[in-house]
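Peer 1: Before we start, here is the structure in question, set down as structure tokens.
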Amino acid sequence: MQETNIIRQIEQILGKGVTLHPAPAHPTLLDGVMAFKEGQPKYALDEQGRLIGLNLAATGLDDKGWQAIVDLLEEYEVWLQALNLCKNQLKKFVPPPGIAELISLDLEDNPLEYPSPETLKQGTEAVLRFLQAAEVQGLRDAFEVKMLIVGEGETGKTTLWNLLQNPDHPVPDKRQKSTVGIQIKEGWEFQHLDRPDDTFYVNLWDFGGQEIQYMTHQFFLTRRSFYVLLADARREAANFPYWLDIINLLGRDPEEEAKLPVLVVLNEKGNRNPKMPYDPEIVEEQYPGLEIIKRDIDFQEKEDRRLESLTRTIQEILCRQIAHLPIKIPRLWDEVRAEIKSLQKTKNHICHEQFVQICTQHGLTEREQQDDISQLFHDLGLILHFREPTLEDFIVLNPEWAVNAVYTILENDDVKDINQGRFNQELLRMIWTEKGFSAEERGKLLNLMLKDGLEVCFRATENNEEIFIAPQLLPEEPPKGICWTDSSTTLRYVYHYPFMPKGIIGRLIVRLHEDIEQCEEESCACGDWRKMVWKNGVYLRKDGCRARVRYMKEREQGREIIRIEVQGKEADERKHVLREICKELDAIHKDSFPSLKVFQKIPCNCEECRYSVTPCEYDNAKLENLKNNRGKDEVQCGGSGDMVSIRQIQDGVFGQFSAPDRVPHSPVPVPSPVEKPWWIRWWIWIAAAVGFIGSIASIIGLL
């Protein structure tokens, strides 16, 4: 009776005539109650009639309604074992009573601020472990944030970085050099403006403005950070839109209602009539999720007190406009963080065993929870810890040390200018040894540069020598003498980027490096046996096919694209190779740029386009909309004007069905029976004819 009462009261809280149904016991009772079905909220009772499971998915539940249900659970002393609250409007999740008993939890598709996005990213099991740890240990409010100072070179980023830590720092500083890589100052401290008992910790990150350094921005320009964008009033801010684009892409969650504050600092440098680096109306229209806060300053004019005013503005933004603060961390996790911060003063890195010892010393003995902590700290940018086998034992406490070690290689004249992106172990050892890196550190830093880490270079063998190739340092033009002839059977696919972050094509090349074609002909124009790769593209040989992948800036059409072309005898093999390339590119988008807008273009295969090297292109998402939402079977070709079957267009790339229905944003070609060799088609026809004649003979025999 008690359970019936609580079910009826939960229904009243949900309102809208919602009725809870008993969950099926298949395959188990808890599985049955967790399974989502639209319009079917459920509950589960154990053998004693006690409420042990609730599925309130997609019931419009908000924080107020869920709190009322939590109060009911406490009143009736209910400890749930399974809880599904996905597809609701929860922002700050309040754990139900007895969360230690909870086995299954689903909070997906809620605009949650707590638990943090970094925790939610780790999956439902990690979320449950976090909440259980918070219940046992209690939470600490942490006011800590990354402040990222970005902009072109020589705009005053390092000057601001120095002055925030020491207002008396000399300007100009004749000893100061342009930042190569990044500079990090952990723990710029000040008293919270609204909570005097709390200290605000700001980790200052000063990024170099050289283009070669843009490729690692995707790893460090993160959400839940504060961005300060510097501009030089004495010269044209040619790349200013890029910075707004990259901040808008990497710095904010598109689902977040609150705007991301971006402080634009215009460094006058003696120019009393500075030119605005942007049009406020256009910026407001193009970046509705950003709140641009502009301040002018001349760092040499300290007497005008604008530096003091700028510092105060930064503190006010941090204390009052960063939506995700404070960060709530279980008490023991925070103790681990404090120990890590202490170690950062004397160590650049530790091994995994040392990290485990630190966790164990603070009462965190379970391996899963230790992994959760390292992943959270990595996502927050406090450490670098990639979980792949070659890097699992390398926990970087000082990201500045590691990133600048990488840039030491990429900025080396021998690597960059003389060898144009190619270097061997001996050159690597010489450069890093000169900078004081040990043999063990050199091995781990090299792994950090490779495919499982920052993806800035790959191993290769050229002329019987093992070397490393950094795609972003290669010549912009492809090697001469490469033969590629377009044909009507060439499989083509295009990724179109309204805004394209730098470094994507380089990372794709690194991921595909095992299949890069090697010029082995004596007549090859390059004069030796080299990988067929350049800064903006690569030739591949895989599974009997040849592929060309290129980054292109089409000025006439005003777009940036990655064009994929695959040639081979068999259609099935071409589609398979296309799938493998697209799979890697889609993974880069998903892992580093989840909010990136990408349009995937399929070439038309009408009679005219089928034999054209520049066929009409269709946006695959629009084809899906025409087919699934508007019931259209055909679309008109923009070239020939013919009406073409949508299925025919998609089958030309995907096979017998449209793969994006199953795996969003990722073309997954499926084996297709078309384009078999002539002799196979003849044998199939003969076999069919023989079978038909045999059937007729059998019938006659029966008669």
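The values are calculated or read from the model by the stated rules, or taken from the named source; none is laboratory data. In this text the structure is predicted, and so the values were computed from the model without any measurement. Note that each Cβ is placed from the backbone with ideal geometry, even for glycine, and that neighbours are counted across all protein chains shown. Side chains are part of the model used for accessible areas, which takes the heavy atoms of the whole protein and leaves out ligands, DNA and RNA. Shrake-Rupley method; radii C 1.70, N 1.55, O 1.52, S 1.80 Å.
Peer 1: Can you give me the distance in nm between label points at Arg234 and Lys174, each placed 7 Å from the Cα along the Cα-to-Cβ direction?
Peer 2: Placing both labels 7 Å along Cα→Cβ, they lie 1.7 nm apart.
Peer 1: Please express the Cα-Cα pair-distance distribution P(r) of region 71-137 as a list of whole percents, one per 5 Å bin, running from 0 to the bin with the greatest distance.
Peer 2: 4, 17, 29, 28, 17, 5, 1
Peer 1: Mind ordering 345-355, 430-440, 594-604 by average Cβ neighbours within 10 Å, highest first? Intermediate results must be reported in sequence, preceding the final value.
Peer 2: Details: 345-355: 14.9, 430-440: 12.8, 594-604: 18.3.
Taking the mean over residues of other Cβ atoms within 10 Å, the ranking is 594-604, 345-355, 430-440.
Peer 1: Placing +1 at every Lys and Arg Cβ and -1 at every Asp and Glu Cβ, with all other atoms neutral, what dipole size does region 431-585 have around its Cα centre, in debye to the nearest 20?
Peer 2: Dipole size: approximately 660 debye.
Peer 1: How compact is the chain by the rule of thumb for globular proteins, expressed as Cα Rg over 2.2 N^0.38 Å?
Peer 2: Working it through for the chain, the quotient is 1.12.
Peer 1: Dipole of the chain (Lys/Arg Cβ +1, Asp/Glu Cβ -1, origin at the Cα centre): which of Leu90, Gln369, Asn424 lies farthest to the positive side?
Peer 2: Going by the charge dipole, the pick is Asn424.
Peer 1: Same structure again: Estimate the FRET efficiency between Asp413 and Asn463 by the formula 1/(1 + (r/R0)^6), using the beta-carbon distance for r and 25 Å for R0, to the nearest 0.05.
Peer 2: 0.65
Peer 1: State, in angstrom, two size descriptors of region 233-334 derived from its alpha carbons: Rg to one decimal place and Dmax to the nearest whole number.
Peer 2: Rg then Dmax for region 233-334, in Å: 16.3, 53.
Peer 1: In region 270-327, what GluC sites (Glu not before Pro) fall in a loop by DSSP, with at most 15 other Cβ atoms inside 10 Å? Don't skip to the answer; put the middle values down first.
Peer 2: On the way: sites: Glu281, Glu284, Glu285, Glu291, Glu301, Glu303, Glu308, Glu316; in loops: Glu301.
Loop-located and lightly packed - Glu301.
Peer 1: Another question, if that's okay. Counting only the heavy atoms of the protein chains, how much of Asp197 is accessible to a 1.4 Å probe, in Å² to the nearest 10?
Peer 2: Ignoring ligands and nucleic acids, Asp197 comes out at about 150 Å².
Peer 1: If you take the Cα atoms of region 1-77, find Rg, then find the Kirkwood Rh from the mean of 1/r over all pairs, what is Rg/Rh?
Peer 2: Radius of gyration relative to Kirkwood radius: 0.94.
Peer 1: Now, a different point. Hey, got the dipole for the chain? About the Cα centre, +1 on K and R Cβ, -1 on D and E Cβ, debye to the nearest 20?
Peer 2: Values: 85 positive and 112 negative charges, 244 e Å.
Value, rounded to 20: 1180 debye.
Peer 1: How much FRET efficiency would the formula 1/(1 + (r/R0)^6) give for Glu388 and Ala439, where r is the Cβ-Cβ distance and R0 is 30 Å, rounded to 0.05?
Peer 2: According to the calculation, E is roughly 0.90.
Peer 1: Now a separate question. Once phi is turned into θ = phi - 60°, what whole-Hz ³J(HN,Hα) does the Karplus curve with 6.51, -1.76 and 1.60 give for every residue of region 265-274, x standing for Gly and Pro?
Peer 2: 10, 9, 7, 5, 6, x, 8, 6, 10, x
Peer 1: Classify region 566-621 as rounded, prolate or oblate, taking a ≥ b ≥ c as the square roots of the eigenvalues of its Cα gyration tensor: rounded when a/c is under 1.5, otherwise prolate if a/b is larger than b/c and oblate if not.
Peer 2: Because a/c hits 1.5 or more and a/b fails to exceed b/c, region 566-621 counts as oblate.
Peer 1: Right, something else. With a 1.4 Å probe and every protein chain left in place, work out the accessible area per residue of region 584-632 in Å², rounded to a whole number.
Peer 2: Ligands and nucleic acids excluded, the figure is 55 Å² per residue.
Peer 1: Let me ask something additional. Please work out the FRET efficiency for the pair Gln420 and Lys185, using the Cβ-Cβ distance as r and a Förster radius of 45 Å; give the result to the nearest 0.05.
Peer 2: The computed FRET efficiency comes out at 0.80.
Peer 1: Can you pull the percent of region 207-342's accessible area that's carbon plus sulfur, 1.4 Å probe, other chains left in place? Don't jump to the answer; show the numbers that get you there.
Peer 2: On the way: 2670 of 6160 Å².
Solvent-exposed carbon and sulfur of region 207-342 make up 43 percent of the total.
Peer 1: In the chain, what % of DSSP beta bridges are antiparallel (nearest 5)? Intermediate results must be reported in sequence, preceding the final value.
Peer 2: Values: 63 of 98 bridges.
Within the chain, antiparallel bridges account for around 65 percent of the total.
Peer 1: Within region 1-34, whose backbone N sits under 17 Å from a point 7 Å along Cα→Cβ of Ala68?
Peer 2: Counting only backbone N, you get 5-20.
Peer 1: Lysines near Lys37 by alpha-carbon distance under 20 Å, same-chain residues fewer than 8 away left out - which ones?
Peer 2: Qualifying lysines at Cα under 20 Å: Lys16, Lys87.
Peer 1: Okay, moving on. For labels at Ser342 and Asp46 in the simple 7 Å Cα→Cβ model, what's the distance in nm?
Peer 2: Going from the Ser342 label point to the Asp46 one covers 4.2 nm.
Peer 1: For Phe499 and Asn273 in the same chain, what is the full-extension length gain: residue separation times 0.36 nm, less their Cα-Cα distance, in nm?
Peer 2: Here the segment from Phe499 to Asn273 would lengthen by 78.2 nm.
Peer 1: Would you mind calculating the relative contact order of the chain from Cα pairs under 8 angstrom and at least 6 residues apart, reporting the percent as a whole number?
Peer 2: Working: 1145 pairs, mean separation 51.6, N = 703.
7 percent.
Peer 1: Starting from the Cα of Asp109, move 7 Å in the Cα-to-Cβ direction to define the label point; list residues of region 9-36 whose amide nitrogen is under 11 Å from there.
Peer 2: 36
Peer 1: Something else: Using a probe of 1.4 angstrom, how much of the accessible area of region 594-653 is carbon and sulfur, in percent?
Peer 2: 45
Peer 1: May I pose another question? For region 454-499, what is the convex hull volume of its Cα atoms per residue in Å³?
Peer 2: Per-residue hull volume (Cα only) is 180 Å³.
Peer 1: Given the alpha-carbon gyration tensor of region 501-616, what are the semi-axes of its equivalent ellipsoid in whole angstrom, ordered largest first, with each equal to the square root of 5 times an eigenvalue?
Peer 2: Calculated on Cα positions only, the semi-axes equal 23, 20, 15 Å.
Peer 1: Separate question: First obtain the Kirkwood hydrodynamic radius of region 538-597 from its Cα pairs, then insert it into the Stokes-Einstein equation at 10 °C and 1.306 mPa s, and state the resulting D in µm² per second as a whole number. Let's see the in-between values first.
Peer 2: Values: Rh = 12.8 Å.
It diffuses with D of about 124 µm²/s by this estimate.
Peer 1: Before I look further, what does region 213-312 give for accessible area per residue, probe 1.4 Å, in whole square angstrom? List each step's numbers first, then the result.
Peer 2: Numbers: 4820 Å² over 100 residues.
That works out to 48 Å² per residue.
Peer 1: Also, I was wondering about something else. Over all alpha-carbon pairs of region 269-325, lay out the pair-distance distribution in 10 Å bins, whole %, shortest bin first.
Peer 2: In order of increasing distance, the bins hold 18, 37, 37, 8 percent.
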